[in-house]
């Protein structure tokens, strides 16, 4: 059977190889797997943005330094807490996983990796990398550190981008200016992701996804049917809680299904979102109690029973779906899943990049501070901290498997 998605990925890489070959004289190759393309294009734009108000960029980037160290502390704390969960055998799968693109339309959670649909990956990379490197360049130019080149990187299946400041000027720069440049990229990623989440949560999602949920089935021997609820009705409230499915619930459902190895289809995410909403609404209620459900504008008194799989959990006795709308098809199958990946991988890249591990930005920040405190011991400090971070990362990756094999339940 012809797999259009797979062959579109093959065509993409064939075109990429052809493009690299045509421009081979302008591309530098290292270790046969890394291609770097340097250009002056974009440099003038970076400098023009920085020149609009260098003082503004210096103030913002100084705040970014504080934010950068907070992000670094949070990243380290996350690694430590994750390691504790691995040691306690609470986490039984790799707590740190590789993110790789796959030539298929559905995401996959495998042992030690999470596979992203390839075309999602291609759309995500510019969203994450370009603002990151652009922020580095603008802050460097605002601090009067010359930007030599901008460029693109391709290492096997992983594309990248870079802004190349003048290293000599960067080394001679004041400590605060160095920290401004190093912190700018990750802070930009976090900021853009937060703005995108707020925009989706409070503007895009409400404008596209109608309020309420439509009953698809009402089970004849349950409280919902006895109360008079019927398929096709739109539920507006369950108890004191609105039955609207927000983007936050959708995003939580998508992430939960992905991390726990379930299906991440439109139907499964929608169904799990409904489950979260109804369980939240029923929180505090018990079987044999009555709850008021508002459907089509009318109140219905529903006697709760127990869920078939667990009689202690209250159950109304119906299934539902999002109201049919423009959200069907493209929006729920592609647009909102893509937004989930964009707003998840942006902060993930920022956290990872701010770990005090050389040559990531966090490691460069640590090195700059260490050199200011003790130039002789700076490299030793950076190497020692880096070794500890690598050890924690490796433990989070292989620890669960090793512990399970050595001490099976």
Defining a contact as two alpha carbons under 8 Å apart and six or more residues distant in sequence, what relative contact order in percent does the chain show? 20
For a test of the definition: using alpha carbon positions, the gyration tensor, and the 1.5 limit on a/c, classify region 1-152 as rounded, prolate or oblate. oblate
Looking only at 306, 185, 110, which one moves most when the chain is put into a Gaussian network model with springs between Cα atoms under 10 Å? 306
With -39,500 (n - 2.57) per DSSP H segment of 4 or more residues and division by the full residue count of the chain, the 222 nm estimate, nearest 500 deg cm²/dmol, is -17500 deg cm²/dmol
Using the per-residue mean of other Cβ atoms lying within 10 Å as a proxy for protection, in what order, highest first, do the peptides 80-89, 218-227 fall? 218-227, 80-89
Contact order normalised by length for region 53-170, with contacts defined as Cα pairs under 8 Å and 6 or more residues apart; what percent is it? 19
Answer label, with volume of the Cα convex hull per residue in Å³ calculated from the coordinates and candidates (1) 161; (2) 296; (3) 203: (3)
Hey, in the GNM for the chain with a 10 angstrom Cα cutoff, which one of 16, 194, 176 fluctuates hardest? 16
Between rounded, prolate and oblate, where does region 58-134 land on the alpha carbon gyration tensor, with a ≥ b ≥ c its root eigenvalues, rounded for a/c under 1.5, else prolate if a/b exceeds b/c? oblate
Taking region 176-305 and dividing mean pair separation by its residue count, relative contact order in percent (alpha carbons under 8 Å, at least six apart): 25
Ranking 336, 360, 330 by Cβ neighbours within 10 Å, fewest first, what do you get? 330, 360, 336
How many angstrom lie between the Cα centre of region 188-219 and the Cα centre of region 297-357? 10
Taking a ≥ b ≥ c as the square roots of the eigenvalues of the Cα gyration tensor, with a/c under 1.5 meaning rounded and otherwise prolate when a/b exceeds b/c and oblate if not, region 210-324 is prolate
Take the chain, connect every pair of alpha-carbon atoms lying under 10 Å apart with a spring to form a Gaussian network, then pick out the residue of 287, 94, 356 with the largest mean-square fluctuation. 287
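Readers should treat all values here as calculations from the given coordinates under stated rules, not as data from a laboratory. Worth saying up front: this structure is predicted, and the values here are computed from it rather than measured. When we count neighbours, we look across all protein chains shown, and the Cβ atoms used for this are built from the backbone with ideal geometry, even at glycine.
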